[in-house]
Structure formats: C-alpha cells, structure tokens
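Structure first, commentary second.
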Amino acid sequence: GSAEAQTAPEPPPPPPNGRPPRDGRPPRDGDGRGPRPTPAAATFFGEHQAGIVTPPPTNVEFVTLDLVTSERADVVALFQRWTEAGNRLTTNGTTVTFGLGATFFDRLSLQALRPSNLAMPSFSNDALLAAYTGGDLALQVCAESEAAATAATAELEALASGVAEVRGTQRGFRAPTAPRQTGRNLLGFKDGTVNPPFTDGLTADQVIWVGSEGPTWLQGGSYLAMRRIRLDIAAWDATSVTAQEAVIGRDKETGAPLTGTEERDRADFRERDASGQLVIAADAHIRRARQNNGGARILRRGYNYQDSATDAGLLFLSYQRDPAQFTRIQASLAASDALNRFSTVLGSGLWAVPPGAASGGWLAEGLLGS
C-alpha cells in the first residue's frame, strides 16, 4: 500500500436526509456514491494476476493451447519465458492472464494436484465445436488496440513453440466507454450492469479469489469460465424493441430493469402489472441469471465478437472463486432463458487461474516449482 492508502479518510458529511448510507461508505457520483477511484495501472507481478479486476480495455485475444510434451521441465521453462514476456508486455493498458485446464494436469501426470471442481458440465443449449472448447492452457490478452493484442499474442504463441500448440483463437471487442460505465453488446443492450463493484477487498475475496478452501498453489488465484455464444442478430433485429426488452428484462436505452428507472436500480422480480402479469417475465434473461442460483455472484468480463456476417456474438468470460458460482447461474439460463431462442453456445471452457507471480518468481511456481 502507498502512503495515500495508509491515511484514514475524512468522515463523510451527514447526508441531507440525515440517514447515513447503509454500508457506511460516503456517497459517490453517478450511483449516488460520489467520485469513483481511478483504477491503478496494472502490474504483472503481485498477489493476483492482472486482467481480472483490471478495468477491461477495448480488445481481447483469447487463445487456448494444448501441450505437445509431457516433460515438466519444458513446461516450467515455458512458464518462465511467459513470465518474462508477460511482465514486459504489461504496459499501456495491455494485460496477460494465464489459466490451466483440467487436461493440463493429465498431460503432466499431476492429477493429485488438480482442483476437484475443474470440470465444465455440459448444458442443454450447448452445440460445442472442438476449436472453441477446452484446452490445456488459456491466454487472455487484453489491450487498448487490436494491433497491441495481436502482437502480444503472437509473441506469447511463438515462445510456446515446441511445448504447446494453439487450439483456438477468438478476438473480441468492446465499445470504448468512460471508466466504470457499462458497455453494450451486439443486441444493443448494456452488458455487465450487475457486476459487483469491487472497490473493496472483502467483496473480491468473497466472489473472485480462491481462499483456504482451495489447493495451496491456487490460493489467491481464481477460476475462469468461457462461453462463446453465437447470436442470431438478424432474428433479433427483426424483433420489436418491446419484445426485446421483455426477453432481457431491461429497458434498451437506459439499461434499467423494467421495474425501475435507472440502470443500477434493483430489479423487483415480484412486481406485477395491472393485468396481473409479471413485469419481468418468468423467462427474462435477468430473472434467470439472478434467481435459483443460491445468490451466486461472478465477475463478468465479456467481449463482443464478429468473425463473419453470420458468426457474431458474445465471448462470455467470468471469474469466480468457485466454478459452482458460474455453473449455478448457467444451469438456470440453459433451462429457460428467453434469450436462448436467439443464441447458440459454440464454445465452452473452464481454467484454474494461478495467483500472480512474485517478483523474481514465475507463473504457477507454487504448482510446478515443488
């Protein structure tokens, strides 16, 4: 922590209505909670890998690779090369995040150290293609420009030569937004509104970072879930805005839930209209994502993709402390999300994301350095 972080903040002035905010934090602008902190520049070395709670820049290149060796020494050497390159590349908004798939542990005969929950179940709306599914390794390269993402990815792939080969690559993009604003997806709706606002370590520890319940080598790391979801944009665009809003459960322009007026308003899933119908339909996307999942929260870090006129959609990426947080939400969506009529899941994967490397150390040293 810097000296600034050590200084106790001034107590907030009492609010005009005389009631302090419930959580005791001062109000900020925009959501009634005053100015938001400016995110610090990402650093490669540290407690956690960069590219997770780092605010997402406009471009991502998501690459999966498979090992072509079972020699642990070769993989250690690769991770050491990737550590050196990752540190050098983490500049000007570029971050590199690394994950290990279930099959990684098989290839190196490390089954005893594999997390017990590192398996992505299949869901009823899956139509998976091998190139976009699974992989021993995952690389998430985020950058402010497509050129920077592509150059960093090419360097990391070249360093893997002889140790791992590329299985699949997916480019993604986001519309540039002011920091902390919600971007829009290819359906024209705001995406990521209900992400928890990680401005304090407590929430991030609860939602994202693996704690003492996980393998020692993974503590301070996370789990990365990926879904490559093709959207039928033509059918969606032929649907009225009112019908689109019913599918999502939000106002298209403001992002507010249909029961509210502001984007960050809490949805009222019990509210009914004059005719007795639920205002947010039983199969609305936001209802399916929030209900029947035991209060599961995840950090979503999705991007849009457009590979061709007929293959465009969402590269869904989320980070969570336990894959069950993701699978509970996903199972609820797969069962009866109105959006399923317009979407096909073509890719899927789950990776254990080791903690950050210590300065002078290397990636996954806690797993492979023993």
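Nothing in this text is a laboratory measurement; each read-out follows from the coordinates by a stated rule. Every value quoted in this text rests on a predicted model; they were computed, and no experiment measured them. Glycine gets a Cβ as well: all are built from the backbone with ideal geometry, and neighbour counts include every protein chain shown.
Once the Cα atoms are used to define both axes, helix 323-336 deviates from the longest principal axis of the chain by about 50 degrees.
Spherically averaged projected area of the convex hull of Cα atoms, the chain: 20.2 nm². Note on the stretch 145-190 and the stretch 245-283: Cα centroid distance 32 Å, given to the nearest whole angstrom.
A dipole drawn for the stretch 53-368 from +1 and -1 charges on Cβ atoms has a positive end, and of Ala152, Ala358, Ala331 the residue lying farthest that way is Ala331. Around the Cα centre of the chain, unit charges on the Cβ atoms of Lys, Arg, Asp and Glu (plus for the first two, minus for the last two) sum to a dipole of about 760 debye. Treating r as the C-beta distance of Ala331 and Ala234 and R0 as 30 Å, the FRET efficiency rounds to 0.60.
The Cβ shell under 12 Å around Phe316 holds other residues with a net charge of +4, Lys and Arg each +1, Asp and Glu each -1. The relative contact order of the chain, computed from alpha carbon pairs under 8 Å that lie at least 6 residues apart in sequence, is 25 percent.
Charge tally for Thr69 (other residues, Cβ to Cβ under 11 Å; Lys, Arg +1; Asp, Glu -1): -3. How big is D for the stretch 85-206, in µm² s⁻¹ as a whole number, if Stokes-Einstein is applied with the Kirkwood radius of its Cα pairs at 10 °C and 1.306 mPa s? Using the Kirkwood radius from Cα pairs, D works out to 90 µm²/s. Considering only alpha-carbon pairs that sit under 8 angstrom and 6 or more positions apart, the relative contact order computed for the stretch 53-130 is 27 percent. The residues packed around Ser212, meaning those with a beta-carbon under 14 Å from its beta-carbon, carry a net charge of -2 if Lys and Arg are +1 and Asp and Glu are -1.
Here the sum of -39500 (n - 2.57) over DSSP H runs of 4 or more residues, divided by the residues of the chain, equals -6500 deg cm²/dmol at 222 nm, to the nearest 500.
Put in line by how crowded their Cβ is, counting other Cβ atoms within 10 Å and starting with the fewest, Lys252, Lys190 read Lys252, Lys190.
Across the stretch 87-177, C-alpha contacts under 8 Å between residues 6 or more apart give a mean separation that, scaled by the residue count, equals a relative contact order of 37 percent. Each Lys and Arg contributes +1 and each Asp and Glu -1, all at the Cβ; summed about the Cα centre of the stretch 199-285, the dipole is approximately 320 debye.
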